[in-house]
1. Being open to solvent by less than 20 Å² (accessible area, probe 1.4 Å), at pLDDT 95 or above, under 20 Å from ASP45 (Cα atoms) and not in a helix (DSSP H, G or I): is that true of ILE115 here?
2. So which residues in the stretch 284-307 are part of a helix (DSSP H, G or I) and hydrophobic (A, V, I, L, M, F, W, C), if there are any at all?
3. Return only the number of the condition from (1) in contact with a Pro (Cβ under 9 Å, 6 or more places away or on another chain); (2) part of a loop (DSSP other than H, G, I, E, B) that ILE247 does not satisfy.
4. Are any residues in the stretch 374-412 farther than 30 Å from GLU157 by Cα, open to solvent by 10 Å² or more (accessible area, probe 1.4 Å) and either in a strand (DSSP E or B) or touching a His at 6+ places or on another chain (Cβ under 7 Å) (or both), and if so, which ones?
5. Since GLU89 meets every condition but one in (1) open to solvent by 10 Å² or more (accessible area, probe 1.4 Å); (2) in contact with a Lys or Arg (Cβ under 8 Å, 6 or more places away or on another chain); (3) under 25 Å from ALA151 (Cβ atoms); (4) not small (Gly, Ala, Ser), which condition does it not meet?
6. Kindly indicate the residue of the stretch 34-79 that is touching a residue at least 24 places away in the same chain (Cβ under 8 Å) and of a type in the set (Ser, Thr, Tyr) and also surrounded by the fewest Cβ atoms within 10 Å (Cβ to Cβ) among those meeting that condition.
7. Can you tell me which residues in the stretch 232-285 are acidic (Asp, Glu), buried (at least 21 other Cβ atoms within 10 Å of the Cβ) and within 22 Å of the chain's Cα centre (by Cα)?
8. Quick one: count up the residues across the stretch 250-279 that are among the acidic types (Asp, Glu), outside any loop (DSSP other than H, G, I, E, B) and either closer than 30 Å to ALA159 by Cβ or modelled with pLDDT under 95 (or both).
Amino acid sequence: MTQMFQMTQMFQMAENLSSQPETSEIQARIQALHERACAQSADWDALFIVDKVNQYYFTGTLQDGVFVLLRDGSYAYFVRRSSERAHLEALIDNVLPMNSYRDIRAKLGDSIHNIFLETEVLTYGMLQRLKKHFEITQIIPAGPLISALRAVKSPYELALMEESGRQHCYLLETIVPSLMAEGKSEVEMVAEMYAEMLKLGFQGVSRFSMFQVEMVAGQIGFGENSLYPTSFDGPGGMKGMCPAVPIVGDRQRRLKSGDLVFVDVGYGVYGYHSDRTQVYMFGAQPPEWLLDIHRQCQQVSAQVVGLLRPGNVAAAIYSQVMDGLEPAFLENFMGYGARTVGFLGHGLGLQIDEPPVIAKGCDMVLEANMVLAVEPKKGVGGIGMVGVEDTYVVTADGGRCITGGEKEIIVV
């Protein structure tokens with residue numbers, strides 16, 4: 001099958017997808033949020049949503065505003081900018097312009113005291129402005145309610161994530177190998193890869209919920225650069241452009257024969273993401289001992305994937321798998337040196353780092369149609385990061401892969 005024919009097939013499948021859900025799905029989300037809020041608190045008055053991604057989830061548009069859900073089940077979307085665009089895109093009624101929180105108070109009155117707020121994203125300044133206009137007596141965290149609701153994907157959401165996974169697989173298995181050439185810098189390769197991603201159907205940005213995380217096209221590292229320390233909470237490393245911009249790639253590091261190439265890329269279509277990592281060896285065959293380490297990571301992944309079943313607890317999966325690993329293998333597992341992370345996988349959807357997390361302390365019970373990336377990886381000194389990552393849907397039979405399945409190290 002030629003590359004052009006494969007791309008044409010993908011374009012045809014993508015054309016059948018809608019960039020927005022049905023209005024009925026948005027209404028069902030709002031109703032489910034209302035039910036969860038009522039189940040948690042008997043005396044709440046309102047739930048305020050300031051996070052833009054959460055606003056999109058409940059309205060169908062991404063604006064600078066505040067979505068307010070009241071205890072009686074009614075709601076209003078107050079938009080600072082752009083209320084005009086919100087009217088064009090929103091899949092709900094009652095979209096109102098606002099200049100400040102004073103406008104919300106004028107509409108809602110003075111009966112708002114016990115409020116659900118997104119305490120993980122609401123800034124102190126926002127809270128003070130809210131308190132200026134509302135006599136708040138109780139703040140209830142809204143994040144857990146919204147995260148639990150978003151964690152289980154609808155058929156519409158799954159369709160977009162599966163399309164993302166198809167494009168993602170094609171990118172890493174067909175396009176990326178064709179971009180590698182002796183002497184090419186990491187930055188040059190990222191630039192070419194990003195252009196190809198946009199041509200395929202990539203949405204242009206990978207979104208994270210982690211505070212002040214920036215990412216253009218994932219983590220790319222030639223050789224030892226994939227072990228470089230990073231503030232990003234993941235096992236892989238990346239040197240980046242400079243200390244002020246530790247992402248994109250290293251202009252000075254150029255590809256040479258025998259380099260391990262680490263490509264950890266988040267991909268997205270119409271807002272919804274897949275996540276996959278592929279490791280390559282450029283210009284040489286990987287030694288058998290390195291392949292053995294990589295295959296051990298594959299075995300760990302297979303064990304986790306087999307446990308991605310409804311009813312299993314994320315923390316229990318982590319403990320079961322980690323307790324079975326040999327002490328020697330745990331050295332530099334999920335990172336390098338002291339820079340290791342305490343998880344084996346993470347949920348994703350509108351953002352790449354969502355619950356549930358396959359980690360100690362995450363007591364979320366898996367449900368059908370949750371989507372998680374599983375990513376066991378291991379740093380190898382002087383060589384780089386090996387291992388795998390693919391995206392899976394939770395099913396009664398274990399995780400169903402939507403990004404192509406874990407591969408051996410691809411030799412280019």
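The values are calculated or read from the model by the stated rules, or taken from the named source; none is laboratory data. Since the structure is predicted, the reported quantities are computational estimates derived from the model, not experimental observations. Quick reminder, even Gly has a Cβ in these numbers, built from the backbone with ideal geometry, and neighbours come from all protein chains shown. Remember, those area values only see protein heavy atoms, side chains included, never the ligands or the DNA or RNA. Shrake-Rupley method; radii C 1.70, N 1.55, O 1.52, S 1.80 Å.
1. For ILE115, the condition - open to solvent by less than 20 Å² (accessible area, probe 1.4 Å), at pLDDT 95 or above, under 20 Å from ASP45 (Cα atoms) and not in a helix (DSSP H, G or I) - is met.
2. Here is the first cut: in the stretch 284-307, the residues part of a helix (DSSP H, G or I) are 288-306.
Within the stretch 284-307, TRP289, LEU290, LEU291, ILE293, CYS297, VAL300, ALA302, VAL304, VAL305 meet the criteria.
3. Just one mismatch for ILE247, condition (1).
4. Initially, the stretch 374-412 is screened for residues farther than 30 Å from GLU157 by Cα, giving 378-386, 409-412.
From what's left, open to solvent by 10 Å² or more (accessible area, probe 1.4 Å): 378, 380-383, 409-412.
Correct list: LYS378, VAL380, ILE409, ILE410, VAL411.
5. Looking at each condition in turn, GLU89 falls short on (2).
6. In the first step, residues of the stretch 34-79 are kept if they are touching a residue at least 24 places away in the same chain (Cβ under 8 Å); the result is 34, 36-38, 40-41, 43-51, 53-54, 56-61, 65-66, 68-71, 73, 75-76, 78.
Filter once more, keeping what is of a type in the set (Ser, Thr, Tyr): 41, 56-57, 59, 61, 75.
Working: SER41: 16, TYR56: 19, TYR57: 24, THR59: 24, THR61: 21, TYR75: 20.
This residue is SER41.
7. ASP264, ASP275
8. So the count comes out to 2.
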